[in-house]
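These notes are about the structure you will find just below.
The values are calculated or read from the model by the stated rules, or taken from the named source; none is laboratory data. Worth saying up front: this structure is predicted, and the values here are computed from it rather than measured. Cβ sites come from the backbone with ideal geometry, for glycine too, and all protein chains shown count toward neighbours. Each accessible area value is taken on the protein alone, full model and side chains, heavy atoms only, with ligands, DNA and RNA left out. Shrake-Rupley method; radii C 1.70, N 1.55, O 1.52, S 1.80 Å.
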Amino acid sequence: HDALPIYNSEIYLMQADGSDVRQFTFTGSIEGHTSWSVNGQLVFNAGEPSWRYWQIFTINLDGSNRQRLTQTQIDEWSPEWSPDGRFIVYSSDYGNLPTPNIFIISADGGTPVRVTFSDTNEDGAPSWSGDGRFIAFESHPGQDEDMPSALWRAAAPGER
């Protein structure tokens, strides 16, 4: 896996009408897929140009307390908050999987819990149901982004 492509993007916040635009992160890193939580934080994936892998971070809405949740040598993608703000769902090939699957991790970090179990399909773009009981995601054969995807639903692990 070569170094990540060099982009210089940041996260900006603005009012719904486009006014009051302000830069939210000042990291010089690549910020991607951002999700709001009910507890006043954002989760996003980022990778600095010198890194080889995308990782998952949280940050308070005032820009403080930036935390790196994942510390892996693999890509971590598409993080989304659970409705209660306690967990984050994302796509990863954690554990040297042949294709990315869906995982959840505590908002405080820790060991990820695997939600999907496919060695042939790439599972991505996860999203929680409003009640937190299910996780919807897309899945397609292999890792070719041009393959048609199907929408699936899996039970969220643990009590919700």
- prompt: Hey, Q143 hits all of (1) touching a Pro at 6+ places or on another chain (Cβ under 7 Å); (2) modelled with pLDDT under 95; (3) not β-branched (V, I, T) but one; which does it fall short on?
  reply: (1)
field: Pairs, first over 22 Å from Y53 (Cα atoms) and small (G, A, S) in segment 82-93, second open to solvent by 10 Å² or more (accessible area, probe 1.4 Å) and assigned to a loop (DSSP other than H, G, I, E, B), C-beta under 7 Å, six or more apart
entry: G85/S37; G85/V38; G85/N39; G85/A107
- line: Counting only strands (runs of 3 or more DSSP E) entirely within segment 46-160, those with at least 1 residues that are within 28 Å of T25 (Cβ to Cβ) and either among the aliphatic types (A, V, I, L, M) or open to solvent by less than 10 Å² (accessible area, probe 1.4 Å) (or both) are 55-60, 76-81, 87-92, 101-106, 121-128, 134-141
